[in-house]
1. State all residues of the stretch 153-204 that are within 20 Å of Thr97 (Cα to Cα), in a loop (DSSP other than H, G, I, E, B), open to solvent by less than 20 Å² (accessible area, probe 1.4 Å) and touching a His at 6+ places or on another chain (Cβ under 9 Å); if no residue qualifies, say none.
2. Looking only at the stretch 115-129, which residues are outside any loop (DSSP other than H, G, I, E, B) and over 21 Å from Cys76 (Cβ atoms)?
3. Here is a check on your reading of the model: is Thr59 more than 28 Å from Thr196 (Cα to Cα), touching a Leu at 6+ places or on another chain (Cβ under 7 Å) and in contact (Cβ under 8 Å) with a residue 60 or more places away in the chain?
4. With the checklist (1) modelled with pLDDT of 95 or more; (2) outside any strand (DSSP E or B); (3) under 24 Å from Tyr8 (Cβ atoms); (4) of a type outside the set (S, T, N, Q) in hand, flag the one item Val103 doesn't pass.
5. Is there any pair with a first residue in the stretch 30-44 that is free of Cβ contacts under 8 Å to residues at least 40 places away in the same chain and a second that is among the aliphatic types (A, V, I, L, M) and assigned to a loop (DSSP other than H, G, I, E, B) whose Cβ atoms are under 9 Å apart and which are 6 or more apart or on different chains, and what are they?
6. Restricting attention to the stretch 18-43, which residues are more than 24 Å from the chain's Cα centre (by Cα) and either small (Gly, Ala, Ser) or not in a loop (DSSP other than H, G, I, E, B) (or both)?
7. Look through the stretch 72-100, keep the residues that are open to solvent by 20 Å² or more (accessible area, probe 1.4 Å) and assigned to a helix (DSSP H, G or I), and return whichever of them is modelled with the highest pLDDT.
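The values are calculated or read from the model by the stated rules, or taken from the named source; none is laboratory data. Keep in mind that this is a model prediction, so the values were computed, not measured. Virtual Cβ from ideal backbone geometry, glycine too; neighbours counted across all protein chains shown. Accessible surface areas use protein heavy atoms only, side chains included; no ligands, DNA or RNA. Shrake-Rupley method; radii C 1.70, N 1.55, O 1.52, S 1.80 Å.
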Amino acid sequence: SCCAGPGYASPQDAINAPREKIVYTICIYTGTGIEKPDYLATIDVDEESPSYGQVIHRTEFGVIGDELHHMGWNACSSCNNDGNMERKYLIIPGVRTTNFYIVDTATNPRRPSLFKTINGEEIKKKTNLSAPHTVHCLGADIIVSMLGDANGNGPGGYLHLDKDFNIVGRWENDIAGMKFSYDFWYQPRHNMMVSTEWSAPNTFMPGFDLEDVGRGKYGQQIHFWDFKNRNIEKTIDLGADGLIPLEARFLHNPDSTHGFVGATLSSNIFHWFK
C-alpha cells in the first residue's frame, strides 16, 4: 500500500510530524590527544524530561582513530512506499579507517547498539576505495561517496552496499572528469545526481594547508550525473579562486529541479536548476 514505509510522503508531512524526543550525534577525539574510541551520543531533547539537553548514552565502537563522519539512515523517505523497509539502522563511517559501523537504533532507541561492522580493509581490497564521506539510502541499497582510493589518492568514487550491508562493489560506471570526491545528492524524479569535490585523503588528512589550494590539490568542480546510467553528464568549473564546492542540497520539494552548493574559502552559495 502507498506510504506504508519509513519517512514521509511529502515535506509538509515531515513538518507536521511530532517533534523528536531524542537525537543522535557523533563525538570524536581526533586532534585532542585523547586516545579513546569515538562514540555515538544519544541526547535527550524532550523538553518535559528531567534529563533534557543531556547525553543519556554513549555507544562506543572500540577502535581508536576512526574519526567518525557523516552518518546516514539505512532507509529514508525514498522508501516511503515500501512497507518492507524500516528506518532501523544508522550507518556511521570512519573517514580515517574506512570502517563502517551499523548501529541498531530501533530495538532500544535511547541505548543504540552495534549491529555490524564493515572492516575498512575489506572495502579497500574489494573496491579500491577509502575515506567515506556522505551516506545516502537509495530506497533499499546504500551508496557512499568515498574520497580516495585504497592508498589515499584521488579521485575516489562511490561505494555500493546492499540493504543487508554487504559490499556490492563500486556504484558508478564512469567517473571521467572527476578529480576529487566529496558530497552528493540525488533526485531520481529528474534522473539527476549532483556531486562536489574536496581533496584526496593524502592531502587533507595531515591538516589543511592553504598553499595546497594554489597547487591544485583541492577541487573546484560541480558534477551533474545521469543517475540511471551512473556517469557524469555535465561539469561546471568554479575557477581557480579557492571556491571549493562542499555540501550539495536540493530543495525539499522532490518535484523541484532547484538546488544549492556552498563553497568554502568564500561566502558564495551557488544555485542551480535543471
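1. Residues of the stretch 153-204 that are within 20 Å of Thr97 (Cα to Cα), as a first pass: 153-161, 165-170, 180-183, 198-204.
Filter once more, so that each one left must be in a loop (DSSP other than H, G, I, E, B): 153-156, 165-166, 180-183, 198, 200.
In the following step, the residues that additionally are open to solvent by less than 20 Å² (accessible area, probe 1.4 Å) were identified as 156, 165, 181, 183, 200.
Once the filter is applied, which keeps residues that are within 20 Å of Thr97 (Cα to Cα), in a loop (DSSP other than H, G, I, E, B), open to solvent by less than 20 Å² (accessible area, probe 1.4 Å) and touching a His at 6+ places or on another chain (Cβ under 9 Å), the stretch 153-204 yields Gly156, Ser181, Asp183.
2. Step one: list which residues in the stretch 115-129 are outside any loop (DSSP other than H, G, I, E, B), which gives 115-118, 120-127.
If the condition is that a residue be outside any loop (DSSP other than H, G, I, E, B) and over 21 Å from Cys76 (Cβ atoms), then Thr117, Gly120, Glu121, Glu122, Ile123, Lys124, Lys125, Lys126, Thr127 are the ones that fit.
3. Numbers: more than 28 Å from Thr196 (Cα to Cα): yes; touching a Leu at 6+ places or on another chain (Cβ under 7 Å): yes; in contact (Cβ under 8 Å) with a residue 60 or more places away in the chain: no.
Against the criterion (more than 28 Å from Thr196 (Cα to Cα), touching a Leu at 6+ places or on another chain (Cβ under 7 Å) and in contact (Cβ under 8 Å) with a residue 60 or more places away in the chain), Thr59 does not qualify.
4. Failing condition for Val103: (2).
5. Here the result reads Glu35/Ile64; Lys36/Ile64; Pro37/Val63; Pro37/Ile64; Tyr39/Ile28, each pair linking the stretch 30-44 to a residue that is among the aliphatic types (A, V, I, L, M) and assigned to a loop (DSSP other than H, G, I, E, B).
6. The answer is Gly33, and nothing else.
7. Top of the filtered list is Ser78.
To keep it simple, each residue is scored yes or no on (1) of a type in the set (Lys, Arg); (2) within 20 Å of Phe250 (Cβ to Cβ); (3) modelled with pLDDT of 95 or more.
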site	(1), (2), (3)
His160	no, no, yes
Ala176	no, no, no
Arg189	yes, yes, no
Asn202	no, no, yes
